[in-house]
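This report concerns only the one structure given below.
The values are calculated or read from the model by the stated rules, or taken from the named source; none is laboratory data. Predicted model, so just to flag it, every value in this text is computed and none were measured. In this analysis, Cβ positions are derived from the backbone assuming ideal geometry, glycine residues included, and neighbour counts consider all displayed protein chains. Please note that ligands, DNA and RNA were not included when accessible areas were found on the heavy atoms of the full protein model with its side chains. Shrake-Rupley method; radii C 1.70, N 1.55, O 1.52, S 1.80 Å.
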Amino acid sequence: MRQRHTILALITAALVAACSSAGQSAAAPAPSKEMVDAGVDLYAANCAQCHGPDLRGTVQGPSLLSIVYEPGHHSDAAFVLAVAQGVRAHHWDFGPMPPIEGLSPTEVEAIIAFVRDRQETEGFEPYP
């Protein structure tokens, strides 16, 4: 129950931050190298099976390098919600994404930092 409250608090904070920054042109500060590095192994252990070790997707899940997942369309808060609650299929034909259990808010933040870093490095692919 405590973990659920922690996740809900993180989601609320992410949504408040997203809403309060609407209309501002300042970019969020880049995550630290340590946070990105921590996300590498966490992504491999929790996400790569479906989203691919290179983030380009598999037969089980979509590419996180698709333009659909750029921050202006799927914010970091959307990733937090996806991990906590799962997601119904809406941009893909892979079926719904289940919630991913056992990750702390800091671990989810590290995975997002890694994904965003790779998106910035690799660029985005056309949809689908």
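What distance in nm separates the two pseudo spin-label positions at residue 70 and residue 120, each 7 Å out from Cα along the beta-carbon direction?
According to this spin-label approximation, the distance is 1.6 nm.
Could you compute how much accessible surface residue 41 exposes when probed at 1.4 Å, giving the result in Å² to the nearest 10?
Using a 1.4 Å probe on the heavy atoms, I get roughly 110 Å².
Provide the FRET efficiency to the nearest 0.05 for the residue 106-residue 127 pair, computing r from the beta carbons and using R0 = 35 Å.
So the FRET efficiency works out to roughly 0.70.
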